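Chemist: Right, I'll just put the structure down here and ask away after.
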Amino acid sequence: MRALSYNLPEDASPMWKMPTNAPPRLVAVPARRVDDLPSGLVRSLREAPSCAATAGVFDVVELARMPAATRLVDGHSPDALEDVAVLAHEPGELLTTSEKPRSAAAPRLDLRSDELRGLVVVVTRAAHQVRTLADKLEARGARVVALPAIAIVPPADPSGLDETLRSVNTFDAVVFTSENGVVRAFERVRALGLDARHFAGRIVAAIGPGTASALAREGLRADLMPEEHIGEALALALNERLARGQRVAIVRATEARDVLPELLRAAGHEVVVTPAYTTERAFNAQRFASLVEASRGHTRVAITFTSASTARSVVEALDAASGRHLLAECIRASIGPVTSAELHRLELRATCEASPYTLDGVVDAIARAHREATP
């Protein structure tokens, strides 16, 4: 195993340190998203023959080093000694390094509002996706607690994804139904020695703005995105663009609603459904219970549900811990009707639902519910 060090650019904020209370070859990083990892660390992760990560950052590191696997370890365990090992610190903690930036960053205007002040919001997105929603909530005055409900992992058999990507030129349209699907697919695109140019001549469809933004980061513009960000609307938009009998590849999670492929097949198209990732349950019911109990009587708590899978994970974890009743004390914010329907199936009601079905819509819905609940 080798120690890792990086030179910070002049305008960068220090984002990692060698922790003093852990084995010296562990690198501490913010535990929110891959974009927060220093680029040198990401390169090392991708080049290393093996890797270990602690629970707080496992999902981020696993995504960063696709397609290689990462082992989950205790940060203080000797088993963590691998070619590269990574330790999480709290995302809100300000860290310093021995290497200071050579020039101070320009002061920023404080554009925070106090609309959500006094509200704790539990964000249940996968660890590498927490930051985007957390920033929006914190800008409105909320205190954010990250409790990822799901972890994003490769499908059991990635060969189907590789085959679809290699044969993209045999499809008339390629459909991405989530940001995670884009990220996972393009990890494999790069592993296969391809890039965004490989999709030239295909209709590229995104279910919503988050997915379209993920495509843009990979150099690919979405040709089609429905106004309503659900499978039914995406199928309708595709059917208006495609001639009967054309081939469509759908890149999605292993577990997902079948409404999109079913509607496309009913319209006469040949559809290939390609799993790019699988979601695993990851919600920490004990931490959630402690938070709700500690907030009782003086601080309101909201919890976000940004997919049907986050809803299932949270409810199943709380049921196993006999803690479902705690959700009754919270604002339960759903990103849209599909997630709300899943909550209903689980015998829960969303307190508020985003409109439009975006992260900004979620924040607005929480703000409305918070105002209505405030005397």
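Chemist: Tell me, please, whether a residue that is of a type in the set (Val, Ile, Thr) and modelled with pLDDT of 95 or more can be found in region 294-303.
Modeler: Looking through region 294-303, at least one residue is of a type in the set (Val, Ile, Thr) and modelled with pLDDT of 95 or more.
Chemist: Check region 234-244 and report whether any residue there is among the polar types (S, T, N, Q) and in contact with a Lys or Arg (Cβ under 8 Å, 6 or more places away or on another chain).
Modeler: For region 234-244, residues among the polar types (S, T, N, Q) and in contact with a Lys or Arg (Cβ under 8 Å, 6 or more places away or on another chain): absent.
Chemist: Could you check region 112-161 and list, in sequence order, the residues that are surrounded by 17 or more Cβ atoms within 10 Å (Cβ to Cβ) and hydroxyl-bearing (Ser, Thr, Tyr)?
Modeler: Thr124, Thr132
Chemist: Does region 172-184 hold any residues that are of a type in the set (A, V, I, L, M, F, W, C) and either out of contact with any Ser or Thr (no Cβ under 9 Å at 6 or more places or on another chain) or within 15 Å of Gly210 (Cα to Cα) (or both), and which are they?
Modeler: Hits for region 172-184 are Ala173, Val175, Phe176, Val182, Val183.
Chemist: Right, something else. From Ala311, Ala333, grab the single residue that is touching a helix residue (DSSP H, G or I) at 6+ places or on another chain (Cβ under 8 Å), within 21 Å of Val120 (Cα to Cα), in a strand (DSSP E or B) and small (Gly, Ala, Ser).
Modeler: Exactly one residue qualifies, and that residue is Ala333.
Chemist: Suppose the filter is closer than 29 Å to Ala127 by Cβ and either over 19 Å from the mean Cα position of the chain (by Cα) or crowded, with 18+ Cβ neighbours inside 10 Å (or both); does Ala289 pass it?
Modeler: Yes: the conditions hold for Ala289.
Chemist: On to the next question. Would you mind listing the strands (runs of 3 or more DSSP E) fully within region 127-232 where at least 3 residues are over 18 Å from the mean Cα position of the chain (by Cα) and within 30 Å of Ser290 (Cβ to Cβ)?
Modeler: none
Chemist: Condition first: surrounded by fewer than 18 Cβ atoms within 10 Å (Cβ to Cβ), in contact (Cβ under 8 Å) with a residue 24 or more places away in the chain and assigned to a loop (DSSP other than H, G, I, E, B). Now tell me which residues in region 252-266 satisfy that.
Modeler: Correct list: Thr254, Glu255, Arg257.
Chemist: Looking at Val271 and the list (1) in contact (Cβ under 8 Å) with a residue 40 or more places away in the chain; (2) within 14 Å of Val174 (Cα to Cα), which single condition is not satisfied?
Modeler: Among (1) in contact (Cβ under 8 Å) with a residue 40 or more places away in the chain; (2) within 14 Å of Val174 (Cα to Cα), Val271 violates only (1).
Chemist: Could you list, ordered by first residue, the pairs with Cβ atoms under 6 Å in which the first is in region 293-321 and aromatic (Phe, Trp, Tyr) and the second is surrounded by 21 or more Cβ atoms within 10 Å (Cβ to Cβ), at least 6 apart or interchain?
Modeler: Close Cβ pairs satisfying both conditions: Phe305/Ala311; Phe305/Ser334; Phe305/Thr339.
Chemist: Count, please, the residues in region 316-356 that happen to be of a type in the set (Ser, Thr, Tyr) and touching a strand residue (DSSP E or B) at 6+ places or on another chain (Cβ under 9 Å).
Modeler: Within region 316-356, residues that are of a type in the set (Ser, Thr, Tyr) and touching a strand residue (DSSP E or B) at 6+ places or on another chain (Cβ under 9 Å) number 4.
Chemist: Exactly one condition in (1) without any contact (Cβ under 8 Å) to a residue 12 or more places away in the chain; (2) within 13 Å of Val251 (Cβ to Cβ); (3) of a type in the set (Ser, Thr, Tyr) is false for Thr164; which is it?
Modeler: (1)
The values are calculated or read from the model by the stated rules, or taken from the named source; none is laboratory data. Just so you know, these numbers come straight off a predicted model, no measurement behind them. A quick note on method: Cβ atoms are made from the backbone with ideal geometry, for glycine too, and the neighbour counts reach across all protein chains shown.
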